[in-house]
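Below you'll find the structure, written out as structure tokens, and then a few comments.
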Amino acid sequence: MPTETLSRLIDELGPAVSTDPAALRAVREDRSGLVSPATALAIVHATSVGEVQTVMRVASRTGTPVVPRGAGTGLAGGGVASEGAIVLDLSRMNRILEIDEADELAVVEPGVLNGDLNDAVAPLGLWFAPDPASRAISSIGGNIATNAGGLLCAKYGVTREAVLGLAVVLADGRLLRTGHRTVKGVTGYDLTALLTGSEGTLGVIVEATVRLRPVPGGEPVTVAAAFPDVTAAAEASARITAARLRPAILELVDGAGIARVAEFLGPAALAGTPLESLAPGEAFLLAQADGPAAADEAAGIAGVLRGAGGRVTVSTDASSGERLLAIRRSMHPALAAHGRVLIEDIAVPRSALPEMFRAIEEIGRRHGLEIPTLAHAGDGNLHPNFVFDAPVDSDGAASPEAEVPAAVWAAADDLFRRAVELGGTLTGEHGVGVLKRRWLRDELGDDQWELQRAIKAVFDPAGILNPGVVFEPEVSPAVGGPR
């Protein structure tokens, strides 16, 4: 059957089909730190809706699994190869099909990069609000598939709030259009919302109609604060929420994370910023207010942070704020410079942030691990990071065969369970993928877990769409943690 499938693909799609060993190896991993042990049958570099439909029709007739993949920047293993699968690469479907100024929307193909859409609409005084840290390299299709978040979610919402409609190719090759071009629309079940965050398990996104917003007026005002430790910083961020203040950005980086960033960037990169004067172990809280009332809101935030014991700096210079945000976005490459990185993604109620940070420190001590952590503190989303040694290839690059150490999985297990105990969730924005499927049923409960599996079966009765992602009960330690 694999030979028949490959022959059909080549007959119908020709040069769009690749079996190059290097390419097949590349799609075994994403940016999660996990590597699939599987080898795909082929990669199809689709450039049109028709080609995607052809892939799904061939896959449906032959019972071949299909893994939709965008820019490969996922952080939960949701778009990595499974054994004998067709990897459906959508990155070449990267056209902006329409920008409608009057209705403040855009229609895009899934491979359009988040940052590229914003560059295209900025001259019109518009912007696409979802703002993952990877916006320069992550695709909108991938953002939608994982319901991605980012730095601006606390004020402007996650990706779901920006998606008006979708075009999706179903498992049997049919093209489904959902949603509306209108701001409101409640006809029938909200399939657009269901498909957003479904991680390629219900259909393949081939087009999206997304909401644009007017660029906020006025200059942003940035507030930076240093605290003696991360718990104090988390308590200060909770006070901002309790004070009914809503900064556009509220980011927290612990002392271990700041130390890694400072080492990676070097003293010159931090010179002239509040980070330059941080003492070892101090945590950093970064807030930014935008819109016409930015100055007043920033003054309120600064007052709260000073009252919480923070060493506060306020800047009305937009370039200074962007410089601090760029430093914040360098956290992942700073950690990756030390080895392979497993980036976790838990979320808790904002009032529970201090308790979750205390738990992370205690879990790290118990397992003998340093866990550098940053948080989108404005919405209670934390990213504890595990850095571990990986074997290297002959060229000095990290080997893709590296497995996550058992001690890391044990610590992650403790983190997940504590987050849920605090009223939180396993994943705030990265998705379940293969990384967290072992823990999914524990959070959902039996009834919801069964209902969600039943929904999957309605869309994909043969189970060919992204098999092993989200619901698969058996997990290989190399890809998704201990059994």
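Overview of values
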item	result
Criterion: at pLDDT 95 or above and not aromatic (Phe, Trp, Tyr) - qualifying residue of ALA454, ALA402, ALA406	ALA454
Failed item, numbered, when LEU117 is tested on (1) part of a loop (DSSP other than H, G, I, E, B); (2) buried (at least 19 other Cβ atoms within 10 Å of the Cβ)	(1)
Residue check for GLY70: within 21 Å of VAL168 (Cβ to Cβ) and either of a type outside the set (S, T, N, Q) or in the same structural domain as GLY165 (by TED's automatic domain parsing) (or both)	yes
Selection status of GLU109, in the same structural domain as GLY165 (by TED's automatic domain parsing), acidic (Asp, Glu), out of contact with any helix residue (DSSP H, G or I) (no Cβ under 7 Å at 6 or more places or on another chain) and crowded, with 19+ Cβ neighbours inside 10 Å	yes
Residues (aliphatic (A, V, I, L, M) and more than 21 Å from LEU195 (Cβ to Cβ)) located in region 89-143	ILE99, ALA102, ALA120, VAL121, ALA122, LEU124, LEU126, ALA133, ALA136, ILE137
Residues being closer than 21 Å to ARG92 by Cα and touching a helix residue (DSSP H, G or I) at 6+ places or on another chain (Cβ under 8 Å) - total across region 53-64	4
The lone exception for LEU126 - which of (1) aliphatic (A, V, I, L, M); (2) farther than 23 Å from THR178 by Cβ; (3) modelled with pLDDT under 95 it fails	(3)
Of residues in region 425-464 being touching a His at 6+ places or on another chain (Cβ under 9 Å) and charged (D, E, K, R), the one surrounded by the fewest Cβ atoms within 10 Å (Cβ to Cβ)	GLU429
ARG211, sole failed condition from (1) crowded, with 22+ Cβ neighbours inside 10 Å; (2) of a type outside the set (Val, Ile, Thr); (3) under 30 Å from LEU245 (Cα atoms); (4) more than 16 Å from the chain's Cα centre (by Cα)	(1)
Hits in region 1-58 - residues which are part of a loop (DSSP other than H, G, I, E, B) and among the polar types (S, T, N, Q)	THR19, SER32, SER36, THR39, THR47, SER48
Listing of strands (runs of 3 or more DSSP E) fully contained in region 191-298 that carry 1 or more residues being within 30 Å of ASP100 (Cβ to Cβ) and hydroxyl-bearing (Ser, Thr, Tyr)	204-211
Close pairs from region 229-246: first surrounded by fewer than 24 Cβ atoms within 10 Å (Cβ to Cβ), partner assigned to a loop (DSSP other than H, G, I, E, B), Cβ under 6 Å, at least 6 apart	ARG239/ALA308
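Yes/no matrix, rows are residues, columns are (1) of a type in the set (A, V, I, L, M); (2) within 23 Å of the chain's Cα centre (by Cα):
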position	(1), (2)
ARG95	no, yes
ASN114	no, yes
ASN118	no, yes
PRO123	no, no
PRO130	no, yes
ALA133	yes, yes
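The values are calculated or read from the model by the stated rules, or taken from the named source; none is laboratory data. Bear in mind that the values here come from a model prediction, so they are computed numbers and not experimental data. Virtual Cβ from ideal backbone geometry, glycine too; neighbours counted across all protein chains shown.
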